[in-house]
Amino acid sequence: MIVIATIWISILLFAGGFALDRVLTGSLVRSFDTQLDYVLKGMIASSEVGPLGEVRFTRLPADQRFIETYSGLYFQITDVPFDHCRLKSENPYCFASRSLWDRRLRITDRYFHLQSHFYDSNEFADEPLRVVERDVILPGSKVRWRFQVAQSREDLDLQLRDLRRTLIWSFVLLGLGLVVLAALQTVYGLWPLRRVRREVAAIRSGTKSRVTDNFPVELQPLTDEINQLLAHGEAQAEEARTHAGNLAHALKTPLTVITNAATARDPDLSDLVCREATTMRRQVDHHLARARAIGRRASTQARSRVWDSLDAVQRAVDRMYEKVTVDIAGDREAEVRVERQDLDEMLGNLVENAAKYGNGRVFVTVEAGADKVDVLVEDDGPGIPAEQRSELFTRGVRLDTTGKPGTGLGLAIVRDVAEIYGGSVALEESEDLGGLLVRLTLPRG
């Protein structure tokens, strides 16, 4: 950040300094040229043609430097056809200031300037000049005269050097100040991140369990997220321990039954092993479903269309229960933030239970709200009394006494997976079919 700020500040200051130098230099040069042009126009206004056709002044220029030899301020009036100007005594058509003495200003026929023309000249080796010239035809003369006024650039160049020196040092100091300020701002602004790093290191070493230091408003959301992440990790660890304990407890009883039967040489050992193995498989499937859902929960991009999942479940149930009719109604476009495999497992358990314990009719309704989707699964079975409905969510508990196959894990799996995704399951009474109504609520995609 400091290097980028330094480069950017340097570019901006260089561009700004260059532009300011052009503006101020142009202003000084224009002021210098204005003075020369003022003198030139004064000379033209006071000029006339003499009896011999020469140019003379009705009043002499007021600046004393025109009569001081090599003073740095000169004028020259020349008829344009001549490509050089000899000494005044030899050429009456070349009228020069005394300050030129034995030198003359260079003239050329290549230009015809009705307006003042300014340029720099190095015709005098030891004295750079700024020259303004203009061609004029005076009254009473057919000759085109070139009026020239020249002044040494030494004072102007000295002013420009002083200006550039001041600009350079000013912008260098300004740049250093800005770079130091950017560095201080960067170091001071990022310093709280060092404290965050120390807090995280203390958490990793076990000294602390949370980020507790006070931080600026800009960093407070970060520390809050870190604390929430730590709490989430602890909750996941506790959830994993509970999950492992539940699985161990669920498998311990069937294994004990098998061990005891084998030790007693039970003649029905094979049937018992098959039954208990089925129970253990369902327990393993249940816990695998939970683990799979927990692993996918972090994916916020999961989207599944409820209707597509219900179609697949309907086809499967139709093959398993030929005398059961499954009807689906509601929003066909509703999507939920659940992985498709987990959605299939939840809906499959609910619809299969309704087909198994109903009297032949299952009705599924999809209702989409602003931020959630309700899937209502109804059957025409005997229903379940309100005081016994909460027992259905206990793993291994079955209220069915007809001897139909099952382990009592279906609703427990649905509840656990739904809660992992932020949903819920509720048991109600079906007003239309008279049996049980299971309301599965999931977050809308």
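Computed from the coordinates by the stated procedures, all read-outs in this text should not be read as laboratory data. Since the structure is predicted, the reported quantities are computational estimates derived from the model, not experimental observations. All Cβ positions, even for glycine, are placed from backbone atoms using ideal geometry, and neighbour counts span all protein chains on display.
Taking every DSSP helix (H) stretch of at least 4 residues in the chain, weighting each as -39,500 (n - 2.57) and dividing the sum by the residue count yields a mean residue ellipticity at 222 nm of -17000 deg cm²/dmol.
Working note: Cα gyration tensor of the chain, eigenvalues times five, square-rooted, sorted largest first, giving semi-axes of 109, 29, 16 Å. Each residue in MET346, MET43 was given a count of other beta-carbon atoms within 10 angstrom of its own, and listing them fewest first yields MET43, MET346. Sorting 121-133, 148-160 by average packing, meaning the other beta carbons within 10 Å per residue, from highest down gives 148-160, 121-133.
Distances between placed amide hydrogens fall under 5 Å for GLY383 paired with LEU436, all partners being 5 or more residues away or on another chain.
Between THR278 and SER27, residue separation times 0.36 nm minus the direct Cα-Cα distance comes to 80.5 nm.
Once both labels are positioned 7 Å from their Cα atoms along Cα-to-Cβ, the gap between ASP213 and THR253 label points is 5.2 nm. Around the amide H of GLU123, modelled in the peptide plane, lie the amide H atoms of LEU129, all under 5 Å away and 5 or more residues distant in sequence or on another chain. Full extension of the chain segment joining GLU239 with ARG144 gains 23.5 nm, where the gain is 0.36 nm per residue of separation less the Cα-Cα distance.
In order along region 149-161, the Karplus-derived 3J(HN,Hα) couplings, from 6.51 cos²θ - 1.76 cosθ + 1.60 at θ = phi - 60°, round to 10, 10, 9, 4, 8, 4, 5, 5, 5, 5, 4, 5, 5 Hz, and Gly and Pro are given as x. For the pair GLU68 and ALA15, a Förster radius of 45 Å applied to the C-beta separation gives a FRET efficiency near 0.50, rounded to the nearest 0.05. For the chain, the longest principal axis of the C-alpha atoms and the axis of helix 269-296 are separated by about 20°. Bridging of LYS142 to aspartates and glutamates at a Cα separation below 17 Å is possible for GLU48, GLU54, ASP79, ASP109, once same-chain residues fewer than 8 apart are set aside. If R0 is taken as 45 Å, the Cβ-Cβ distance between GLU154 and ALA5 corresponds to a FRET efficiency of 0.60. The 3J(HN,Hα) values that the Karplus relation (6.51, -1.76, 1.60; θ = phi - 60°) gives for region 120-127 are, in residue order, 9, 9, 10, 5, 9, 4, 9, 8 Hz. Gly and Pro appear as x. Considering all C-alpha pairs of region 2-159, those separated by over 25 Å amount to 37%. Taking amide hydrogens as placed 1.01 Å from N in the peptide plane, the amide H of VAL373 sits under 5 Å from those of LEU442, ARG444, each at least 5 positions away in sequence or on another chain. The string of couplings for region 23-32 from the Karplus curve (6.51, -1.76, 1.60, θ = phi - 60°) is 5, 5, 4, x, 5, 5, 5, 5, 5, 4 Hz, one whole number per residue in order, with x for Gly and Pro. Counting Lys and Arg as +1 and Asp and Glu as -1 over every other residue whose Cβ lies under 15 Å from the Cβ of GLU387, the net charge comes to -2.
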